[in-house]
1. Within the range 49-127, report the chymotrypsin sites (Phe, Trp or Tyr not before Pro) that DSSP leaves as loop and that have at most 14 other Cβ atoms within 10 Å.
2. For the range 1-78, run through the trypsin sites (Lys or Arg not before Pro) and keep only the ones in DSSP coil with at most 16 other Cβ atoms within 10 Å of their Cβ.
3. Apply 1/(1 + (r/R0)^6) to the Cβ-Cβ distance of LYS338 and ASN75, taking R0 = 56 Å, and write down the FRET efficiency to the nearest 0.05.
4. Could you tell me which of the pairs LYS116/LYS246; LYS171/LYS193; LYS171/LYS356; LYS2/LYS246; LYS125/LYS193 are separated by over 32 angstrom between their Cα atoms in the structure shown?
5. Could you check the spin-label model distance between PHE224 and SER38? Points 7 Å from the Cα along Cα→Cβ, value in nm.
6. For the range 1-76, what is the largest minus smallest coordinate of the Cα atoms on each principal axis, given in angstrom and ordered from greatest to least?
7. Return the long-range amide H neighbours of GLY52 (sequence gap of 5 or more, or a different chain), with a cut-off of under 5 Å between placed amide H atoms.
8. Can you give me the relative contact order of the chain as a percent, contacts being Cα pairs under 8 Å and 6 or more apart?
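Read-outs throughout are calculated quantities, based only on the coordinates presented, and are distinct from any laboratory measurement. Quick caveat, the model's predicted, so the values are computed rather than measured. Quick reminder, even Gly has a Cβ in these numbers, built from the backbone with ideal geometry, and neighbours come from all protein chains shown.
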Amino acid sequence: MKSIDNILAQSVFSREDIIQLLSSDVVGRNKLYEKAASVKRNHVGNKVYYRGLVEFSNICFKNCYYCGIRAGNKNINRYDISEDAILKAVKYAHDSHYASVVFQAGERDDDEFIEKVCRLLRKSKEITKGEIGITISVGEQSEEVYQKWFDCGAHRFLLRIESSNRELFNKIHPNNAKHDFDKRIAALRLLKKTGYQTGTGVMIGLPEQTIENLADDILFFEEFDIDMIGMGPYIEHAETPMFEQKDLLWSLDERFNMALKMIATLRLVLPDINIAAATALQAIDQIGREKALKVGANIIMPNITPTVHRTDYQLYQNKPCIDESASDCNNCLEARIKIAGDSIGYGEWGDSLHFKNKK
Ligand code: SAM
Ligand code: SF4
């Protein structure tokens, strides 16, 4: 077996190397974090880019077993924020020099939804004189719809594979055409084909997930030539079917530490991609996202969803910042990012270098 020092001196990593990095003890993981910080500095620099997150609707026609806003959960208020209120959030982001927003919602494929997203994209560009960069994250759609939204102004898309292991994917989703592993892979291919900067990611610490599965996730991102990653710990929600498996889970601390190791290892394997510090990290540790920045992440998605709706977008329990206004979050975040040693790329899109380097 190689030593951690030997592995960290490499620039190409085998499956075994990745497994060893993810299995590292406290001493090993601190070396990994240090190396990932220097790779980040040398490849993407020490700037963090903001993406103001608007969770514009919790209406979803899917039933993922892990998610608190799944269609089958009858104990939540469903909402669909008005276009005016969403555009107000976009204006807030633009006025605060966040150069980008993320529109995220439950999945729907009806015409009303498709047109609403299109109008939002167009108007967001209009009111910011084309300056706002837009990522969308609204699930699997047809090639036509992906193209339409691209033409309306979106240029990045996030669609997590959730787990790149087909068997595990099937365990965490119902067994039907709406939750099909091959369709998800096909959707990711369509996003790339359409020209989006394509982001994916996984949940870390799912029931029965192994370190080998997580190493394969990293290899999947590499093989898929992905531009952006958003991955974070799985956090159980009492009103979901997967809650029954809570006794199989790693502790929250273990899930958190594994998420940091995944981010650091990924930074070594794919030095020039964008890596988001997922909100779920903050649900476990108040400064979890800043810890992720220190070990390789370079994107943060401050929540700018109007406060009244935040309690209804609870994917998991303990979701942070649900009762703070966007500006409260902004002030505390800026200070914490500086403490983490990064500066904020105000007014810059901060697109994936990996995407640019491919062109
Ligand atoms: N509906 C779209 C989709 O599924 O791609 C976008 C919204 S969905 C809520 C965004 C992400 O939330 C999912 O990709 C999933 O990884 C994450 N998520 C859902 N439930 C979660 C949980 N219990 N713990 C951690 N992350 C969760
Ligand atoms: Fe819907 Fe996305 Fe939640 Fe699945 S993860 S139930 S698609 S919101």
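1. Answer in residue order: PHE61.
2. LYS2, LYS74, ARG78
3. 0.90
4. Checking Cα-Cα distances, LYS116/LYS246; LYS171/LYS356; LYS2/LYS246 exceed 32 Å.
5. Taking the simple label geometry, PHE224 and SER38 are separated by 3.1 nm.
6. Principal extents (Cα only, largest first): 52, 32, 22 Å.
7. Long-range HN contacts for GLY52: SER100, VAL101, VAL102.
8. Value for the chain: 24 percent.
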